[in-house]
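See below for the structure under consideration.
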Ligand SMILES: [Zn+2]
């Protein structure tokens, strides 16, 4: 048999088997088996593919029969402070801008180790816009960034709940509220009320939460510059709401996290950080 045909046959067989397994196994059975696998992983001896493993510490642990939990521990994050976290985001964005993104570590070994826990060093409240993919813009791999997204990066109760979860349980070092060039939600909030009232109710509710940021903009005649000012002012407004959250306030007070703003320029790929009190001041 021609090798290409053989591989196609094998691939088809695998895909068909997975599909058949999914349609023939009731969801509760899949859930039960996952729970069982999760609880046994902690003690489980490592069964990793060493051909995929580049970290010598992991290879050594595998050789002496270490557990998945021990491997997760040595794979822990190297970033330990808010300033290191901001620096890592800046470096990652620089790689992205220069077209030198490192290939994200998507090795099966890393996914298996991450099943036990997640240790993101940063939390990003980002716009849901498809042109602003968080991990790609910051050149980060699996498990590095905890992201909450909605149109206009609004710190509404849903987004704040996600941020609270991350800050309380995952111990990240920085929270970034990120707006972007040409944001449709911010543009929508700047339209006359008759236009906004034509939108669906839930969308109107999001736009209303952007409104205070764009209601009293200084007179800027250049359309692009005016939009940029509106987006950055919305970032400032949402940062101020995040700062008011009790869980986040407590973490800031204990110097565990910093909350900063960011503006992503779609055309250049560059993220500008608003990380000083002066830049984040509402007025
Ligand atoms: Zn947007």
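How big, on average over all directions, is the shadow cast by the Cα convex hull of region 182-222, in nm²? Present the calculation step by step, with values, prior to reporting the outcome.
Numbers: hull surface 12.6 nm².
Computed as one quarter of the Cα hull surface, the answer is 3.1 nm².
What ranking of 170, 98 emerges when the number of other C-beta atoms within 10 Å of each C-beta is taken as an exposure proxy, fewest first? Don't skip to the end; give the middle numbers.
Values: 170 14, 98 10.
Going from sparsest to densest Cβ surroundings: 98, 170.
Tell me the Kirkwood radius of region 113-195: reciprocal of the mean inverse pair distance over distinct alpha-carbon atoms, in Å. List each step's numbers first, then the result.
Working: mean 1/r = 0.0725 Å⁻¹.
One over the average 1/r among Cα pairs gives 13.8 Å for region 113-195.
How compact is region 95-148 by the rule of thumb for globular proteins, expressed as Cα Rg over 2.2 N^0.38 Å? Don't skip to the end; give the middle numbers.
Details: Rg = 12.1 Å, N = 54, 2.2 N^0.38 = 10.0 Å.
Its radius of gyration relative to the 2.2 N^0.38 Å reference: 1.21.
Give the calculated FRET efficiency between residue 98 and residue 131 to the nearest 0.05, with a Förster radius of 25 Å applied to their Cβ-Cβ distance. Spell out each step's value before the answer.
Values: r = 19 Å, r/R0 = 0.76.
Computed FRET efficiency for residue 98 and residue 131 comes out at 0.85.
Using R₀ = 30 Å, calculate the FRET efficiency as 1/(1 + (r/R₀)^6) where r is the Cβ-Cβ separation of residue 246 and residue 203; round to 0.05.
Values: r = 28 Å, r/R0 = 0.94.
That gives a FRET efficiency of 0.60.
How long is the gain from residue 215 to residue 282 if the chain were fully straight, where each residue apart is worth 0.36 nm and the alpha carbon distance is subtracted?
On the way: separation 67, 0.36 × 67 = 24.12 nm, distance 1.27 nm.
Length gained, residue 215 through residue 282: 22.9 nm.
Using every Cα-Cα pair within region 158-234, state what percent have a distance larger than 18 Å.
Details: 1478 of 2926 pairs.
In whole percent, the long-distance tail amounts to 51.
Can you put 265, 195, 88 in order of Cβ neighbours within 10 angstrom, beginning with the fewest?
Numbers: 265 14, 195 10, 88 21.
Going from least to most buried by this count: 195, 265, 88.
In Å, the Kirkwood hydrodynamic radius of region 82-280 over pairs of distinct alpha carbons?
With all distinct Cα pairs of region 82-280 included, I get 17.4 Å.
State the Kirkwood hydrodynamic radius of region 143-188 in Å, one decimal place, computed from all pairs of distinct Cα atoms.
Values: mean 1/r = 0.0853 Å⁻¹.
Radius from the Kirkwood sum: 11.7 Å.
Quick note: the coordinates plus some simple rules give every number you see, no bench work behind them. Just so it is clear, the model here is predicted, and its values are computed rather than measured. Using ideal geometry, Cβ is built from the backbone for each residue, glycine included, and neighbour counts are taken over all protein chains shown.
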